[in-house]
Every structure is written in structure tokens, then in C-alpha cells.
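Down below is the structure, laid out as C-alpha cells.
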Amino acid sequence: MRVMQTLFLSPARWLLLLWSASIAMLQAQVSLDQQALGESLGGWDVKRDKAADYELSGSKYRTYKPEITPTPEGGIFVSVRIDYVRGVFASNDFATLEMTFDANGTLTSTQSSIAIQGKKITSDVMRSGLKFGETQGAVGSAVKMGGDLVANLTEKLSRENLVEAGRVTFPAAVRHNFNKVFQAVSYTAPVQAPLLPEKTPAQPGAPPEVKK
């Protein structure tokens, strides 16, 4: 019965339903372009097209496709795994990079950790100095957060007295991925929803409208 009632809705009711349904498609959206990110890292062509291999300062690293989670505020939380590929007979070290973007696509916080031989070194959480919803100066704020993140991670890693080149430069690999992820995130502004047509006022002397 409900299906039959829906089929026989008046044109005005149909228009109202279509207008209401279009609202969900007209909202602002923050997204990460996985394809563009992969291309910037050399291509998702290893681990069954789920990771990208590349070299930095003579050491080999591997980045896996990020995990992207929507936030309640309308933004996204991005988590990236980065491996230091040490060789066939050695266990890889790995790092995680976490970045949170608000509903305007502005980076609000970031943190990273590096696991070496079972020991985990974690950076402090770097937060944006921008006020909620503020976008002016967002790029400069992100650049500062990335620099502070790497400096903090490097300082903590230096306490481990590491000598292997790929481990020493691991924070640089984290920064490399930080930059690439930031560049791959985009914000699509909301589109103005179409207004419902206004009813034309009756003209003087016109016959009254007959409802069917």
C-alpha cells in the first residue's frame, strides 16, 4: 500500500521529496585522492597494488594505502603505515603517521610513531593553532606542524644511538609522507541547493484556480 501511495503523490510532493534527497549530495566533502597519493610515491604497484616502494637518501621505504575514517565533525582521520625495507634477511621497521582534518579540510592535529626492533618511539601530538573553522593561514600552520613533528620525532629517536642509515633518516620518510598526504587531501565546497519554485500570485481578474 505504501508503494502505491508513493506512486500517486502529487507533483508538488514529488518535487519536495526530490529536493530533500538532493540535500545529502550537496554537502561539503573532505576527501583524500588515493590515486594521486600513490602516483606521488611512485605508484601502488607492490603488495598486490596496496603499497608503493621508493628510495630516500639511499634507503628503501614502503608506504601502504592509508586508512581513512570519517570524523563526527565531517572531517577525516588518515592513518598511514610506512616501512623501512631493510633487506631479505632482516625484519622491517615500521612507522605510523596519523593526520586529522576538519570539515573544511584544515589539518588540525598529527602524530607519528616508529617501531624499531620492537621498541616504539612516539612523537608528541602536534595541534593546529587555528581557531575552530578558521582556514586563513591553514597551509602555514600545516607546514609548521610537519616541521615540529619531525623535529620531535628526530630528537626522541636520537636517544636510541642508532647507526643504520635507514633508521636515522626514518623521520625524513615520515615528513615525506606527511607532505604527500597533505597535498592529496581536498575540500569540495557545498553547492547551493535549488530553491523550491514559488507559487505565482493570482492576477487581478483571473478566474480562481480549480483544484482537481
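State to the nearest 20 debye the size of the charge dipole of region 28-185 about its Cα centre, where the only charges are +1 on K and R beta carbons and -1 on D and E beta carbons. Each step should come with its number before you reach the end.
Values: 18 positive and 18 negative charges, 75 e Å.
In debye, rounded to 20, region 28-185 gives about 360.
Output wanted: per-residue J couplings in Hz (rounded whole) for region 38-52, from phi through Karplus 6.51 cos²θ - 1.76 cosθ + 1.60, θ = phi - 60°, x for Gly and Pro.
Values per residue, Gly and Pro as x: x, 5, 5, 9, x, x, 7, 10, 10, 6, 6, 6, 10, 8, 10 Hz.
Taking loop as defined by DSSP and a crowding limit of 16 other beta carbons within 10 Å, which trypsin sites (Lys or Arg not before Pro) in region 107-175 fit? Don't jump to the answer; show the numbers that get you there.
Details: sites: Lys119, Lys120, Arg127, Lys131, Lys144, Lys156, Arg159, Arg167, Arg175; in loops: Lys131, Arg159.
For trypsin sites (Lys or Arg not before Pro) across region 107-175 that sit outside H, G, I, E and B with at most 16 neighbouring Cβ atoms in 10 Å, the list reads Lys131, Arg159.
Shape of region 28-185 from its Cα gyration tensor (a ≥ b ≥ c, root eigenvalues): rounded if a/c is under 1.5, otherwise prolate when a/b > b/c, or oblate?
Working: a/c = 2.21, a/b = 1.40, b/c = 1.58.
Because a/c hits 1.5 or more and a/b fails to exceed b/c, region 28-185 counts as oblate.
Starting from the Cα of Gln35, step 7 Å along the direction of its Cβ; do the same at Val163; then give the gap between the two resulting points in nm.
It is 4.8 nm.
Calculate the spin-label point distance for Tyr54 paired with Lys119, positioning each point 7 Å from the Cα along the beta-carbon direction, and give it in nanometres.
If labels sit at Lys119 and Tyr54, their model points lie 2.9 nm apart.
Label Gln136 and Ala151 with points 7 Å out from Cα along Cα→Cβ: what is the distance between them in nm?
Each label point lies 7 Å from its Cα, and together they span 2.6 nm.
Provide the gained length on full extension for the span Val143 to Ser91, in nm with one decimal, where the gain is 0.36 nm per separating residue minus the Cα-Cα distance. It would help to have the intermediate numbers written out before the result.
Values: separation 52, 0.36 × 52 = 18.72 nm, distance 3.23 nm.
Full extension from Val143 to Ser91 adds 15.5 nm.
Can you give me the long-range amide H partners of Thr71? Hydrogens built in the peptide plane at 1.01 Å from N, cutoff under 5 Å, separation of 5 or more residues or another chain.
Ile76, Phe77
Any read-out appearing in this document is the output of simple, stated calculations on the displayed coordinates, not a laboratory observation. Values in this document were obtained by computation on a predicted structure and should not be read as measured data. Neighbour counts run over all protein chains shown; Cβ positions are idealised from the backbone, glycine included.
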